[in-house]
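Reviewing the structure listed below.
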Amino acid sequence: MTSAQPRPCPFCGGEAETSMTKNGYWSVHCTDPDCFAKMVGSHRGLTEAMWDRRADERTCRMKDGVGVTICCRCGALVSKKAVSTLTEFIPARFCPNCGARVVG
């Protein structure tokens, strides 16, 4: 069963797309140039299903620490300076460790 559009990236929330690699494998990857999330497999439907699978629909709130944010779900430390534009820091939308969506 193939979905019309893969779910957003579990790490950054960016759009995902499916394409065939030069070696004949299927790739589902994040289209955000700053994110390197990718799932590769030999069957399109299974590769998309693996990409779309989430452990559960987890959410967390990031707690402020000194120079880092802390995922209240798994306790991962994420540097506040990890992602930024030229003028400001971009808040994490998903925990890079457990994949929980950050709310609030």
Quiz item: Taking the stretch 1-36 only, how many residues are among the polar types (S, T, N, Q) and touching a residue at least 40 places away in the same chain (Cβ under 8 Å)?
Solution: 2
Exercise. Might you check whether a residue that is in contact with a Pro (Cβ under 8 Å, 6 or more places away or on another chain), of a type outside the set (S, T, N, Q), at pLDDT 85 or above and in a loop (DSSP other than H, G, I, E, B) occurs anywhere in the stretch 34-41?
Key: yes
Quiz prompt | Failed criterion for K63 (all others in (1) in a strand (DSSP E or B); (2) farther than 14 Å from P8 by Cα; (3) modelled with pLDDT of 75 or more hold) | solution = (3)
Self-check item: Residue count for the stretch 1-33, restricted to those that are on the phi > 0 side of the Ramachandran plot and at pLDDT 90 or above
Solution: 1
Quiz item: Any idea which residue in the stretch 14-36 is nearest to V103 (Cα to Cα), counting only those that are surrounded by 16 or more Cβ atoms within 10 Å (Cβ to Cβ) and among the small types (G, A, S)?
Solution: G14
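Out of the residues in the stretch 79-102 that are modelled with pLDDT under 70 and of a type in the set (A, V, I, L, M, F, W, C), state the one that is surrounded by the fewest Cβ atoms within 10 Å (Cβ to Cβ). Write out each step before concluding.
As a first pass, look at the stretch 79-102 and keep what is modelled with pLDDT under 70: 79-92.
From what is left, the residues that are of a type in the set (A, V, I, L, M, F, W, C) are 82-83, 86, 89-90, 92.
Numbers: A82: 12, V83: 16, L86: 4, F89: 13, I90: 11, A92: 23.
Here the residue is L86.
The values are calculated or read from the model by the stated rules, or taken from the named source; none is laboratory data. Just so you know, these numbers come straight off a predicted model, no measurement behind them. Positions of Cβ are backbone-derived with ideal geometry, glycine not excepted, and every protein chain shown enters the neighbour counts.
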